[in-house]
Amino acid sequence: MRKIKDIRPLELRDGFLYVIDQLKLPKEQVWVKLENLEDYELVIKDMVVRGAPLIGIVGAYGFYTGIKEGIEPSEISYRLKRTRPTAVNLMWAVDRMERFYYSYREDDNILQLLLKEAKRIELEDYHGNRSIGGYGEVLVPKNAKILTHCNTGSLATAGWGTALGVIRSAYENGKDIVVYVDETRPYLQGSRLTAWELLQEGIEHYIVTDSSAGFLMSKGMVDLVIVGADRITRRGDAANKIGTYGLAVLAKYHGIPFYVAVPTSTFDLSIEFGSDIPIEERSLEEVKRCVGCDIAPEESGALNYSFDVTPAELITAIITEKGIIDNPDRGKIERFFGKK
Ligand code: MRU
């Protein structure tokens, strides 16, 4: 077994959460201390932390911090949940903390109990990711060339990662893999964050522009595509970083497996169709400026949808910490969650 570096994007010190400022990577690794609810709102909204599972975990610690400040639980939940709309893990974690609070609020140690519950959410995510890696790596051939999009690694989770966790697990088990990393405009999660993680592991990788996928596939350079997701509906439609849908269409055309790796907290069984998932729209500045430079005429309009939706029919399998759902559809997902 190869040795893998265990990057963790968050750390608890003396009751305060510290997070790696992902806006500063890969240039510098700076830790930010979160002292009050407003700090939590800002780091999630401004993408100092990002990635569906990680914003859920940070949201859970944010709920604890809000109670410590004496803020009403409903206000805390409202303020945290409105920071980013697409990743359901945030709503899931904050709702879980609020339910926990109402179950134990008479306890003298309610604050310690809430802190423990947030830690539990973090640890469940980490161990879940190891399990996703274990299930998923079986699907990765020995010398696989893998295309991935956005950042789904340690930096997007409590550690290890989902889609990137599968890649880590395959590499740990001695598979010699090559990873093509979509740069992932406009925020560059691929070139700034995924490449940074792969570099630490010594995994061979090449950053490619987002428009390269079709060409690489047509040349036989891609054996499989693996991505994460921010929300998966009851029928298996998956919202993920903008550009994912295009990759899935291309993979289908070229007969290449398209895998989605997620914790079960990414499922939103209350929604049937992907078209009902709220899609975040971010500032146009992110499109019209790049690393501090104007790259477009000031007068031009721009669109900045942060996510798109891949229909279930284009997904070869969804890999979770509880097992794999092949060719996902409503019936299989309901059975998987014991809803049928
Ligand atoms: O806007 P981001 O960086 O939060 O978007 C992240 C993604 O789209 C990831 O693919 C998704 O959250 C899964 S992370 C394990």
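Show that you can apply the helix-only estimate: for the chain, add -39,500 (n - 2.57) for every DSSP H stretch of four or more residues, divide by all residues, and state [θ] at 222 nm to the nearest 500.
-11000 deg cm²/dmol
Reachable aspartates and glutamates from residue 145, Cα under 16 Å, same-chain residues fewer than 8 places away excluded?
137, 172, 176, 182, 204, 223
In the neighborhood of residue 208, defined by Cβ-to-Cβ distances under 11 Å, what is the net charge if each Lys or Arg adds +1 and each Asp or Glu adds -1?
Counting the neighbours of residue 208, the net charge comes to -3.
Tally up the carbon and sulfur contribution to the accessible surface of segment 10-128 as a whole percent, 1.4 Å probe, everything protein left in place.
Solvent-exposed carbon and sulfur of segment 10-128 make up 47 percent of the total.
Measuring with a 1.4 Å probe in the full set of protein chains, what accessible area per residue, in whole Å², belongs to the chain?
43
Short version: ³J(HN,Hα) in whole Hz for each residue of segment 190-207, in order, from phi by Karplus 6.51 cos²θ - 1.76 cosθ + 1.60 (θ = phi - 60°), x for Gly and Pro, what are they?
x, 6, 7, 9, 5, 4, 4, 5, 5, 4, 5, 7, x, 8, 4, 8, 9, 7
Among DSSP bridges having both ends in the chain, what percentage is antiparallel? Round to the nearest 5.
So the antiparallel bridges amount to about 50 percent of the total.
Would you rank 149, 127, 205 by solvent-accessible area, highest first, keeping every protein chain in place and using a 1.4 Å probe?
The ordering from most to least exposed comes out as 127, 205, 149.
How much of the accessible area of segment 202-340, probe 1.4 Å, is carbon plus sulfur, in whole percent?
In segment 202-340, the share of accessible area belonging to carbon and sulfur is 53 percent.
Starting from the Cα of residue 27, draw a straight line to each of the lysines and keep only those under 25 Å, dropping any in the same chain fewer than 8 residues away.
Counting by Cα, and skipping residues close in sequence, residue 27 has these lysines nearby: 3, 5, 45, 241, 288.
Could you sort 308, 14, 46 by accessible area so the largest value comes first, with the probe set to 1.4 Å?
So, going from the largest accessible area down, we get 14, 46, 308.
Would you tally the net charge around residue 286, using a Cβ to Cβ cut-off of less than 12 Å, leaving residue 286 out, and scoring K and R as +1, D and E as -1?
Cβ neighbours under 12 Å give a net charge of 0.
Would you kindly state how much longer the chain becomes between residue 285 and residue 107 on full extension, computed as 0.36 nm times their sequence separation minus their alpha carbon distance, in nm to one decimal?
Difference between extended and current length: 59.3 nm.
With contacts defined as alpha carbon pairs under 8 Å and 6 or more residues apart, what's the relative contact order of the chain in percent?
RCO, the chain: 17 percent.
The values are calculated or read from the model by the stated rules, or taken from the named source; none is laboratory data. Please read all numbers here as calculations on a predicted model, not as lab measurements. With ideal geometry, Cβ positions are generated from the backbone for all residues, glycine too; neighbour counts draw on all protein chains shown. All accessible areas refer to the heavy atoms of the entire protein, side chains included, with ligands and DNA or RNA removed. Shrake-Rupley method; radii C 1.70, N 1.55, O 1.52, S 1.80 Å.
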